[in-house]
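Coordinate-derived values only; no laboratory data. Bear in mind that the values here come from a model prediction, so they are computed numbers and not experimental data. Because the Cβ atoms are built from the backbone with ideal geometry, glycine has one as well, and the counts that use them run over all protein chains shown.
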Number of protein chains: 2
Amino acid sequence: MTRCVLCGELDSGEYRCRCGGPLQLDHAVGSIVDESDVWSSHRDYFPYDVSKEESLGAGNTPLIKARGLSNRSGTNLYLKNETVNPTWSFKDRGTIMGVKRAMELGHERIGTVSTGNMAASVACYGAYNGLRTVVLVPGDISQGKLGQISIYGPEILGVHGDYGDLYYESLELDDIYFINSDDPYRIEGYKSIAFEIAQEIHATHVIIPTSSGGSFRGIVKGYEELLKNDIISHLPKFAAVQAQGCSPIKLAYEEDGQVKRWKDPNTVAKAISNPFPPSGDAVVNKLKELEGLCLAVDDHDILEAQISIARDGIYCQPASAVGVAAIPQLMDHIGRDSKVVSLITGSGMKVDVRSSNVDTVTLDGLRDRVSR
Amino acid sequence: MTRCVLCGELDSGEYRCRCGGPLQLDHAVGSIVDESDVWSSHRDYFPYDVSKEESLGAGNTPLIKARGLSNRSGTNLYLKNETVNPTWSFKDRGTIMGVKRAMELGHERIGTVSTGNMAASVACYGAYNGLRTVVLVPGDISQGKLGQISIYGPEILGVHGDYGDLYYESLELDDIYFINSDDPYRIEGYKSIAFEIAQEIHATHVIIPTSSGGSFRGIVKGYEELLKNDIISHLPKFAAVQAQGCSPIKLAYEEDGQVKRWKDPNTVAKAISNPFPPSGDAVVNKLKELEGLCLAVDDHDILEAQISIARDGIYCQPASAVGVAAIPQLMDHIGRDSKVVSLITGSGMKVDVRSSNVDTVTLDGLRDRVSR
């Protein structure tokens with residue numbers, strides 16, 4: 001049973017509420033069992049059981065204290081290393097649940113609108129589960145961007161037209177279950193990040209690079225569920241961090257308004273440059289409710305932070321470095337005894353190894369094309 | 001205390017025996033404790049204790065049954081996914097122990113001779129531990145190859161002269177502890193692969209992509225130690241697999257002779273194209289002793305296998321695919337009930353994101369240059 005995050009209505013749509021808001025499952029109730037794998041230990045908290053084989057080993061990632069960054073910032077900074085997931089980003093955690101949902105509904109085809117981490121993840125788990133996978137990309141994409149995605153063998157379809165509209169258009173394609181950024185089951189998978197952190201340390205602050213808003217929603221929901229089940233006694237303070245060159249959530253947060261489409265995104269942090277985040281309003285509301293923080297950082301600081309993180313042992317993509325780049329802005333909130341976790345979302349390695357065949361189609365022709 | 005693998009002499013050198021043979025530590029004796037981390041659970045088997053922080057989360061990688069490949073080959077094929085280590089290859093396991101050794105000996109500088117996975121790994125752990133790190137590469141290397149390595153901030157030194165001789169030359173540099181491919185402590189770290197597999201399944205066959213021979217030696221030694229300590233009742237059958245375009249160990253194995261330098265290595269499997277493997281003779285001897293298998297596969301089959309592995313959920317580098325590519329040749333030895341493990345050594349993603357400054361020097365001038 002899903003509920004709209006914005007208006008609260010129950011079961012009002014498959015992907016999004018009739019009011020336009022994103023959906024989520026009600027908070028889970030349950031206990032934690034003693035297993036080393038998060039999918040088993042927190043079984044009660046997920047909508048589906050996940051075997052180690054089905055997860056492909058996703059999750060259960062290292063939480064490592066950043067030696068250099070902790071010393072220099074005078075606090076305890078921990079990096080949650082999501083670059084060691086099966087497709088080298090945190091997206092795998094959500095994809096697992098999305099694929100489970102698609103199979104429960106009887107779909108033989110899944111899809112996603114992405115050119116990056118999410119596309120690779122959906123293509124990988126689609127292949128592993130024997131599902132046909134469609135990845136929708138901009139019609140003018142350079143072939144080089146598709147290296148990692150194409151090896152998993154999905155159908156890659158370039159669509160001419162507004163790429164922002166493509167997200168909404170994709171949800172109308174009945175034949176295919178789309179596991180986009182804020183699919184309610186994808187969000188369920190991201191809760192696992194909160195569960196793992198909470199099992200290791202009592203974090204005082206959790207910093208989350210934020211684009212579409214899906215990972216923010218999932219991690220916060222995970223912590224809220226632990227609180228409701230008396231497994232933790234209070235929530236950490238959450239910080240959503242965006243790149244200055246594309247920070248529509250930060251703007252709406254400051255203006256106390258709704259999220260509006262960001263014109264001309266321009267940042268090195270490509271993986272978090274969604275100009276019109278589908279869960280943007282949900283993130284703003286949650287930040288207000290929990291007195292969280294919303295910050296933006298510039299490209300120079302992002303690239304500096306990327307190097308600092310590497311010297312502490314993780315080569316991450318620029319988008320993953322925004323949390324560490326925001327630490328100077330957080331110093332008013334952080335003390336010597338704080339335990340600050342920054343999510344390192346994906347690997348710095350992405351490559352152009354092979355060319356791929358990309359069919360293209362216009363937005364109007366999309367439905368006909370994919371119904372084959 | 002180290003012992004020469006070829007002549008058996010004790011403590012006859014720091015890196016290699018006076019006879020020229022590679023060194024190793026005597027077999028460990030001990031028990032296994034119930035911990036989820038291999039470095040803790042098998043503490044008795046390693047020369048150093050390793051905290052989770054010191055490991056950066058290396059090891060404890062997923063062993064996943066390959067659905068498609070198992071079905072098509074009519075056996076039970078498991079992939080040991082080493083692409084999810086901190087620098088996305090199995091090398092991290094050995095680097096941990098090498099760095100520990102260097103620090104115990106009081107070195108403030110470490111080094112390695114590599115342009116690939118090993119260089120990235122040594123540079124990463126060197127940075128994390130505050131050690132100065134020197135990476136020796138060919139003088140004519142393309143800058144693009146150094147993308148991942150350079151972000152960790154090592155000194156990268158291009159050396160003009162025979163790159164094969166550089167390995168031996170590096171061992172003469174007193175100021176720097178070199179953690180090359182068959183450093184005896186590096187080998188100790190690789191034992192962890194055997195320990196993890198043995199905890200999950202009774203493998204009948206373990207297939208190992210083989211170049212310098214270090215990982216083969218470490219994995220076999222790990223299994224031998226489990227046997228000596230009555231933790232397993234018999235060894236699996238080991239298969240060392242090389243690329244046909246550079247298969248000096250395969251040739252020596254077939255000719256019952258010593259390993260000779262391979263002229264003009266030419267294969268897509270760059271990461272296993274060492275033309276004169278320092279542990280080559282040790283691998284051949286061990287294969288003969290244990291009645292193991294030694295195979296070679298061509299580039300076409302390697303690239304096909306790389307795609308098959310991706311469809312089973314892992315995007316690996318071509319060198320990692322040689323084990324799967326060799327399975328048709330293994331069918332005489334494998335039955336329906338066999339449990340075959342193939343080691344997937346490193347990630348398919350490697351990238352040219354940034355240029356790096358490479359100083360160059362001749363082989364003759366190397367000692368002067370690094371003594372600074």
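If both residues of a DSSP beta bridge must be in segment B:128-263, then about 10% of such bridges are antiparallel.
For the peptides A:302-309, B:165-172, the ranking by packing is A:302-309, B:165-172, with the highest mean count of neighbouring Cβ atoms within 10 Å listed first.
Let me confirm one metric for peptide A:290-301, namely the mean number of other chain beta-carbon atoms within 10 Å of its residues' beta-carbons. Mind dumping the intermediate values first?
Details: counts 0, 0, 0, 0, 0, 0, 0, 0, 0, 0, 0, 0.
Per-residue shielding by partner chains comes out at 0.
Counts of other chain beta carbons within 10 angstrom of each beta carbon in peptide B:169-177 average 0.
Please report the projected area of chain B's Cα convex hull averaged over all directions, in nm².
On the way: hull surface 67.6 nm².
It is 16.9 nm².
The ranking of A:Arg369, A:Arg336 by Cβ neighbour count inside 10 Å, starting from the fewest, reads A:Arg336, A:Arg369. Among bridges DSSP assigns within the protein assembly as shown, what percent are antiparallel (round to 5)? In the protein assembly as shown, DSSP labels about 25 percent of beta bridges as antiparallel.
Since only A:Gly139, B:Val220, A:Ile344 are under comparison, the one whose Cα sits farthest along the positive direction of the charge dipole of the protein assembly as shown, derived from C-beta charges on Lys, Arg, Asp and Glu, is A:Gly139. Convex hull volume per residue, computed on the Cα atoms of the protein assembly as shown, equals 152 Å³.
Its Cα centre serving as origin, segment B:269-372 has a Cβ charge dipole (Lys and Arg +1, Asp and Glu -1) of approximately 440 debye. Sorted from nearest, the other copies put their A:Pro275 label points 5.3 nm away, the label point being 7 Å from Cα in the direction of Cβ.
At a Förster distance of 35 Å, what's the computed FRET efficiency of B:Asp368 paired with B:Glu53, Cβ-Cβ distance as r, to 0.05? Don't jump to the answer; show the numbers that get you there.
Values: r = 37 Å, r/R0 = 1.06.
Efficiency at R0 = 35 Å is approximately 0.40.
Less than 16 Å from a label point 7 Å out along the Cα-to-Cβ axis of A:Asp34: which backbone N atoms in segment B:40-71 qualify, by residue? Inside the label zone: nothing.
Three principal axis extents describe the C-alpha atoms of segment A:170-225; from largest down they are 44, 19, 14 Å.
Roughly how big is segment A:111-260's charge dipole about its Cα centre, with Cβ charges of +1 (Lys, Arg) and -1 (Asp, Glu), in debye to the nearest 20? Please list the in-between numbers first.
Details: 10 positive and 19 negative charges, 92 e Å.
Computed about the Cα centre, the dipole is about 440 debye.
Over all pairs of different C-alpha atoms, segment B:153-282 has a mean inverse distance whose reciprocal, the Kirkwood radius, equals 16.3 Å.
Filter B:Lys80/B:Lys339; A:Lys191/B:Lys65; A:Lys91/B:Lys191; B:Lys228/B:Lys288 down to the pairs with a C-alpha to C-alpha distance above 24 Å, please. Could the numbers behind the result be given before it?
Working: B:Lys80/B:Lys339 12 Å; A:Lys191/B:Lys65 26 Å; A:Lys91/B:Lys191 31 Å; B:Lys228/B:Lys288 19 Å.
In this structure, A:Lys191/B:Lys65; A:Lys91/B:Lys191 exceed 24 Å between Cα atoms.
Summing Cβ point charges (Lys, Arg +1; Asp, Glu -1) relative to the Cα centre of segment A:45-99 gives a dipole of roughly 460 debye. Against the main long axis of the alpha-carbon atoms of chain A, helix A:117-128 sits at an angle near 60°. Computed over segment A:154-198, the range of Cα coordinates on each principal axis works out to 44, 21, 20 Å, biggest value leading.
Rank the residues B:Phe195, A:Phe216 as a footprinting-exposure proxy: fewest other Cβ atoms within 10 Å of their Cβ go first. Don't jump to the answer; show the numbers that get you there.
Working: B:Phe195 22, A:Phe216 30.
Ascending number of Cβ neighbours within 10 Å: B:Phe195, A:Phe216.
Remark: mean inter-chain Cβ contacts per residue of A:54-66 equal 4, using a 10 Å Cβ-Cβ cutoff to other protein chain atoms. Selection among B:Ala66, B:Asn129, B:Ala325 by position relative to the dipole of the protein assembly as shown gives B:Ala325 as farthest towards the positive end (Cβ unit charges, Cα centre). Taking the C-alpha atoms only, the angle from helix A:184-200 to the longest principal axis of chain A is near 20 degrees.
Report the extension gain between A:Asp337 and A:Asp26 in nm, rounded to one decimal, defined as 0.36 nm multiplied by the number of residues separating them, less their alpha carbon distance. Walk me through the intermediate numbers first.
On the way: separation 311, 0.36 × 311 = 111.96 nm, distance 3.39 nm.
The span from A:Asp337 to A:Asp26 would gain 108.6 nm if fully extended.
Looking at chain A, send over the antiparallel percent of its DSSP beta bridges, to the nearest 5. Bridges in chain A that DSSP calls antiparallel: roughly 25 percent.
Give, as a single signed number, the net charge of other residues whose beta carbon lies under 13 Å from the beta carbon of B:Asn71, with Lys and Arg counted +1 and Asp and Glu -1.
Local charge sum for B:Asn71: +4.
A:Glu304 label point (Cα plus 7 Å toward Cβ) to equivalent points in the other copies: 5.4 nm, shortest first.
Can you give me the Rg/Rh ratio for segment B:52-187, using Cα atoms for both radii and the Kirkwood formula for Rh? Don't jump to the answer; show the numbers that get you there.
Working: Rg = 16.7 Å, Rh = 15.9 Å.
Dividing the radius of gyration by the Kirkwood radius yields 1.05.
Which order results if B:Ile232, B:Ile334 are arranged by neighbouring Cβ count within 10 Å, fewest first? Before the final figure, lay out the partial values.
Working: B:Ile232 17, B:Ile334 20.
Least crowded to most crowded, the residues run B:Ile232, B:Ile334.
Please label the shape of segment A:1-83 as rounded, prolate or oblate, based on the square roots a ≥ b ≥ c of the eigenvalues of the alpha-carbon gyration tensor (a/c under 1.5 means rounded; beyond that, a/b larger than b/c means prolate, else oblate). Here segment A:1-83 falls in the oblate category.
If you average the alpha carbon positions of segment A:91-117 and of segment B:1-80, how far apart do those two centres end up, in angstrom? Using only Cα atoms to place each centre, the spacing works out to 36 Å. Note the angle between two axes, namely the Cα long axis of helix A:280-290 and the longest principal axis of the Cα atoms of chain A, as a number of degrees from 0 to 90, rounded to the nearest 10. Value to nearest ten degrees: 20. With its label point put 7 Å out from Cα toward Cβ, B:Gly335 sits 6.8 nm from the same residue's point in the other copies, in order from shortest. Packing here is the average count of other Cβ atoms within 10 Å per residue, and on that basis the peptides A:318-325, A:220-227, highest first, run A:318-325, A:220-227.
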